[in-house]
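Student: Right, I'll just put the structure down here and ask away after.
The values are calculated or read from the model by the stated rules, or taken from the named source; none is laboratory data. If you're wondering where the values come from, they're calculated on a predicted model, not measured in any experiment. So basically every Cβ, Gly included, is an ideal-geometry build from the backbone, and we count neighbours across all protein chains shown.
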Amino acid sequence: MEGLHCFSGSRVRSDAEACQGPGLALPVIEYGRDDGCSVTGGHVYRGDRLPELTEAYVYADFCSGKIWALRNDGSRVAEHRLLLDSDLQIPAFGEGPSGEIYVLSFSGGIYRLNTP
């Protein structure tokens with residue numbers, strides 16, 4: 001799958017549910033090429049510094065540097081918002097012992113998430 005688009009070999013299938021199988025589920029959200037090119041998975045925020053992000057999934061796009069917060073209530077996306085439009089290439093996130101999220105930059109920087 002790429003987002004909600006199902007691939008069979010090199011062919012896009014229109015029936016995304018055909019990609020579902022044991023242990024797999026359809027994505028809860030997707031974004032287009034205008035917002036980036038490659039999702040960088042993140043962490044659920046469990047720190048104390050940014051209470052407005054508690055239990056939000058924080059993720060980014062490697063190419064655009066955009067960082068989002070997502071909340072899903074189990075049946076739908078309850079919140080999805082852009083936190084930061086950085087100029088970083090973000091290959092990964094880290095989580096500190098206190099639950100704070102760190103953003104890793106392809107150029108070697110490590111940044112603590114400060115933007116609510």
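Student: Quick check on my filter: what residues within segment 66-78 are surrounded by 14 or more Cβ atoms within 10 Å (Cβ to Cβ) and modelled with pLDDT under 95?
Tutor: Once the filter is applied, which keeps residues that are surrounded by 14 or more Cβ atoms within 10 Å (Cβ to Cβ) and modelled with pLDDT under 95, segment 66-78 yields only N72.
Student: Mind checking which residues of segment 81-114 are of a type in the set (S, T, N, Q) and touching a residue at least 40 places away in the same chain (Cβ under 8 Å)?
Tutor: S98, N114
Student: Within 14 Å of the chain's Cα centre (by Cα) and either assigned by TED's automatic domain parsing to the domain that holds M1 or within 20 Å of M1 (Cα to Cα) (or both), is that true of Y31?
Tutor: The answer is yes for Y31.
Student: Let me ask something else. Please determine, by comparing only the residues of segment 79-102 that are in contact with a His (Cβ under 6 Å, 6 or more places away or on another chain) and buried (at least 18 other Cβ atoms within 10 Å of the Cβ), which one is nearest to C37 (Cα to Cα).
Tutor: F93
Student: Taking segment 35-65 only, how many residues are out of contact with any Gly (no Cβ under 6 Å at 6 or more places or on another chain) and either surrounded by 13 or more Cβ atoms within 10 Å (Cβ to Cβ) or within 20 Å of G3 (Cβ to Cβ) (or both)?
Tutor: Counting residues in segment 35-65 that are out of contact with any Gly (no Cβ under 6 Å at 6 or more places or on another chain) and either surrounded by 13 or more Cβ atoms within 10 Å (Cβ to Cβ) or within 20 Å of G3 (Cβ to Cβ) (or both) gives 20.
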